[in-house]
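Peer 1: What follows is a single structure, and I will ask about it in a moment.
The values are calculated or read from the model by the stated rules, or taken from the named source; none is laboratory data. Small disclaimer: the values here were computed from a predicted structure and weren't measured. Reconstructed Cβ throughout: ideal geometry from the backbone, glycine too, with neighbour counts over all protein chains shown.
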Amino acid sequence: MIEVTALTVRFAGVTPIDDVSVVFPGGTCGLIGPNGAGKTTFFNVLSGFVRPAAGTVTAFGENLLKMADYRRARWGLRRTFQTEMAVEQLSIFDNVAMIHEHSGAKRSARRDDVLSAIEFVGLNANPSSKVGRLGARERRLVEVARAVVGRPRVVLLDEPAAGLPDEETGHLSAVIKQIPERYGALVILVDHDMALVSACCETTAVLDFGKLIASGPTAEVLRNEHVIRAYLGTEEEL
Amino acid sequence: MSPLSAYLQRGVAVRATVAVALLAVALFVLPHTAGADWITTFTSVAIYSVVALGFGILYGRVGMISLGQVALLTIGCWIGTRFAYATSLPFPFLLLLAGGITCVIGVLVGLPALRLSGLYLALITLMFAGATTVFLSVNDFPSGNNGFLGKASTGALTTSTPPVRRPSWAVADVAYYRYTVIVCAILFLLALVHVSTKPGRAWATIRESEPAAIAAGVNITLYKLWAFALASFVTGVAGCLLAAQVGVPRAITFQTQDSLTLAATALIGGIFSIWGAILAGVFNQLLPFLFQAQWGLNPNFLLIIFGAGLLQVLLTAPGGLVDQFPKDMASLARLIFSGFRKLPRARGTEK
Ligand SMILES: Nc1ncnc2c1ncn2[C@@H]1O[C@H](COP(=O)(O)OP(=O)(O)OP(=O)(O)O)[C@@H](O)[C@H]1O
Ligand SMILES: [Mg+2]
């Protein structure tokens, strides 16, 4: 469980997260909102890249914000980025193995853990081929494999389906849905694809201009009139 | 055995065979076929390929550009020289001392890299190179034969200054050439072990993206300084090898612009590959020798060639020659073979 209380982030002139209190109970949780709502900024707070002006984040009873940024991976925090960031110079195997190496998981289990993570995401490529040679879909899967290897506790996925065609989003959705059960991790999924979010997430929280406008069971949240208005509102602006 | 480990082992086996063959040629064939001045040049090639190796670790692996690598070589050379005059330590200890102290200095030089990158880091390290040149020439590098800091009353460059000693069993030029090649091979092996294990993977992740590396649990400070430590250590050892090769090092041998030339040749050779560093050593030392001693040309023309080569690499072949050459050969081979295959078919259509 992740408890966020009164979280506020301020950049010069903008408040991308404004006094947000929300609970991510477990399983796969959605985090949605129009462009610029503050979703990525929230992930950056959890990763330690952005220092909040106020508020606390407690994950499984521990104060996440007190930890040095690079130590959070060892604690069990994993994430993917909105722009894909698998390491081109390294092979698929090494991409996943390097996460395992810094996770504090047992060295003797590395090979098996890495290969099983690659298998879990359904990547049918030679593990020793360089990531630089892979296509967009396979790179996304490498990133998901990186996010689940080595005893993760919290997995943050920032628009993992962006740019993927529908049939591939279906496969990704099936993989994401299995993460909590298979790895025992809490997943927070940010995406603009509502079909993906409702397929994967039991609960969903909605941000709009840095404010929490709804949270609860996904089906209810997506029917919520504030949420509909927030999305329609931005569509009108577009 | 799984297909993965079989594949990996095949790749490693091929590369190890090539490396051992090259080493055998360097150790047993070249000394018998090459003349004395060639041997001296090959010694320098080995030494400067280690310097290029250090540059390649920093820039090719981690993405930190350092233009102060020849300055670190100078420092290693100076430390080796001073300890040789001040102590009677066996030569391998001189190498380790020079490597160790240069390593500490290199880490200090690397501290700005924790905050700066790109052009700013390049400028800072270039200024460090300039400062080193000034400091050592003001202090009469290497200042004679009188304890660690003492200066020879007769002046540094008189013939009375005895040369920096070599290992007792490698005093002759050919023997010292072999000694240098072996030490450099060990330094290359040290780098290879680093880049193919945990630090190498962490460096590649930092190079891709620092936020992604932090999110992956990489302690960026530690691994960046580690890269500087490794690069400076090997460069310091190379500097000590250089001291005993030239005997009486002179400040004039080391110019700030050498750091730039080294960076250029390292990029042309290929910074992502260990082999590229060897090629860089060849460009840096063998070509000037060919130009000047063999062909009687002005070696300054080389700067133009290096400039053009650098442009070519930056524009079309970021992996350098070591990456591009096999590709070119492969497409040449494909061209030739497709030519052969087309011939009978062409005749077939005529009938
Ligand atoms: N480092 C920063 N400095 C200043 N402003 C920032 C910074 N990062 C984000 N912002 C601003 O904060 C707001 C929220 O951005 P954020 O990236 O969190 O949105 P998002 O919900 O992830 O949007 P999207 O769906 O487009 O990815 C935006 O107005 C953005 O311009
Ligand atoms: Mg975003």
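Peer 1: Can you tell me how many residues within segment A:132-176 are out of contact with any strand residue (DSSP E or B) (no Cβ under 7 Å at 6 or more places or on another chain) and of a type in the set (A, V, I, L, M)?
Peer 2: 13
Peer 1: Looking only at segment A:30-76, how many residues end up being touching a strand residue (DSSP E or B) at 6+ places or on another chain (Cβ under 9 Å), of a type in the set (Ser, Thr, Tyr) and more than 15 Å from ligand 1 (Cβ to nearest atom)?
Peer 2: Residues meeting the conditions: 2.
Peer 1: Say we look at segment A:101-113 and pick out the residues that are closer than 19 Å to residue A:77 by Cβ and not charged (D, E, K, R); which of these is nearest to the chain's Cα centre (by Cα)?
Peer 2: My answer is A:103.
Peer 1: On to the next question. If you scan segment B:18-72, which residues turn out to be of a type in the set (A, V, I, L, M, F, W, C), more than 14 Å from residue B:265 (Cα to Cα) and touching an Asp or Glu at 6+ places or on another chain (Cβ under 7 Å)?
Peer 2: Of everything in segment B:18-72, those that are of a type in the set (A, V, I, L, M, F, W, C), more than 14 Å from residue B:265 (Cα to Cα) and touching an Asp or Glu at 6+ places or on another chain (Cβ under 7 Å) turn out to be B:36, B:39.
Peer 1: So which of A:92, A:99 ends up being facing chain B (nearest Cβ under 8 Å), of a type in the set (Val, Ile, Thr), on the phi < 0 side of the Ramachandran plot and more than 16 Å from ligand 1 (Cβ to nearest atom)?
Peer 2: On the way: A:92 fails: facing chain B (nearest Cβ under 8 Å).
Residue meeting the stated conditions: A:99.
Peer 1: Then there's this: In the list A:123, A:157, which residue meets the criterion of being farther than 25 Å from residue B:195 by Cα, crowded, with 19+ Cβ neighbours inside 10 Å and within 16 Å of ligand 1 (Cβ to nearest atom)?
Peer 2: A:157
Peer 1: Give A:59, A:54 a once-over and let me know the one that is more than 16 Å from ligand 2 (Cβ to nearest atom), touching a residue at least 12 places away in the same chain (Cβ under 8 Å) and more than 19 Å from residue A:186 (Cβ to Cβ).
Peer 2: Of A:59, A:54, the one residue that is more than 16 Å from ligand 2 (Cβ to nearest atom), touching a residue at least 12 places away in the same chain (Cβ under 8 Å) and more than 19 Å from residue A:186 (Cβ to Cβ) is A:54.
Peer 1: Considering only residues that are modelled with pLDDT under 95 and under 18 Å from residue A:41 (Cα atoms), which ones fall in segment A:160-190?
Peer 2: If the condition is that a residue be modelled with pLDDT under 95 and under 18 Å from residue A:41 (Cα atoms), then A:160, A:162 are the ones that fit.
Peer 1: Identify, please: which residue in segment A:1-46 is of a type in the set (S, T, N, Q), within 24 Å of residue A:202 (Cβ to Cβ) and more than 11 Å from ligand 2 (Cβ to nearest atom) and is, among those, nearest to the other protein chains (Cβ to nearest Cβ)?
Peer 2: A:28
Peer 1: Could I ask something else about it? State whether one or more residues within segment A:214-224 are touching an Asp or Glu at 6+ places or on another chain (Cβ under 8 Å) and among the basic types (Lys, Arg).
Peer 2: No: segment A:214-224 contains no residue that is touching an Asp or Glu at 6+ places or on another chain (Cβ under 8 Å) and among the basic types (Lys, Arg).
Peer 1: Right, another one. In segment B:274-298, how many residues are out of contact with any Gly (no Cβ under 7 Å at 6 or more places or on another chain) and touching a residue at least 12 places away in the same chain (Cβ under 8 Å)?
Peer 2: Going through segment B:274-298 one residue at a time, the tally reaches 12.
Peer 1: Out of curiosity, is residue A:86 aliphatic (A, V, I, L, M), closer than 23 Å to residue A:192 by Cβ, in contact with an Asp or Glu (Cβ under 7 Å, 6 or more places away or on another chain) and away from ligand 1 (no atom under 16 Å from the Cβ)?
Peer 2: The answer is yes for residue A:86.
Yes/no per residue for (1) buried (at least 21 other Cβ atoms within 10 Å of the Cβ); (2) within 30 Å of residue B:272 (Cα to Cα); (3) free of Cβ contacts under 8 Å to residues at least 60 places away in the same chain:
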site: A:66; (1), (2), (3): no, no, yes
site: A:84; (1), (2), (3): no, yes, yes
site: A:89; (1), (2), (3): no, yes, yes
site: A:99; (1), (2), (3): yes, yes, yes
site: A:111; (1), (2), (3): no, yes, yes
site: A:117; (1), (2), (3): yes, yes, yes
site: A:127; (1), (2), (3): yes, yes, yes
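Peer 1: Among the residues of segment A:136-145, is any in a helix (DSSP H, G or I), among the basic types (Lys, Arg), at pLDDT 95 or above and closer than 20 Å to residue A:188 by Cβ?
Peer 2: no
Peer 1: Let me ask something additional. Here is a check on your reading of the model: is residue A:147 of a type in the set (Gly, Ala, Ser), more than 16 Å from ligand 1 (Cβ to nearest atom), surrounded by 23 or more Cβ atoms within 10 Å (Cβ to Cβ) and under 22 Å from residue A:49 (Cβ atoms)?
Peer 2: For residue A:147, the condition - of a type in the set (Gly, Ala, Ser), more than 16 Å from ligand 1 (Cβ to nearest atom), surrounded by 23 or more Cβ atoms within 10 Å (Cβ to Cβ) and under 22 Å from residue A:49 (Cβ atoms) - is met.
Peer 1: Scan segment A:131-145 and give yes if some residue there is more than 25 Å from residue A:25 (Cα to Cα) and within 11 Å of chain B (Cβ to nearest Cβ), otherwise no.
Peer 2: For segment A:131-145, residues more than 25 Å from residue A:25 (Cα to Cα) and within 11 Å of chain B (Cβ to nearest Cβ): present.
Peer 1: Taking segment A:146-187, which residues are more than 14 Å from every other protein chain (Cβ to nearest Cβ) and among the hydrophobic types (A, V, I, L, M, F, W, C)?
Peer 2: Result: A:161, A:162, A:164, A:172, A:174, A:175, A:176, A:179, A:185, A:186, A:187.
Peer 1: Another question about this same structure. I'd like the full set of residues that are under 12 Å from the mean Cα position of the chain (by Cα) and more than 20 Å from residue A:227 (Cβ to Cβ), limited to segment A:6-42.
Peer 2: If the condition is that a residue be under 12 Å from the mean Cα position of the chain (by Cα) and more than 20 Å from residue A:227 (Cβ to Cβ), then no residue fits.
Peer 1: Which of the residues spanning segment A:6-21 are within 13 Å of ligand 1 (Cβ to nearest atom) and either part of a strand (DSSP E or B) or of a type in the set (Asp, Glu) (or both)? Please lay out each step first, then the result.
Peer 2: To start, the set of residues in segment A:6-21 that are within 13 Å of ligand 1 (Cβ to nearest atom) comprises A:7-18, A:20.
Answer for segment A:6-21, where residues must be within 13 Å of ligand 1 (Cβ to nearest atom) and either part of a strand (DSSP E or B) or of a type in the set (Asp, Glu) (or both): A:7, A:8, A:9, A:10, A:11, A:14, A:15, A:16, A:17, A:18, A:20.
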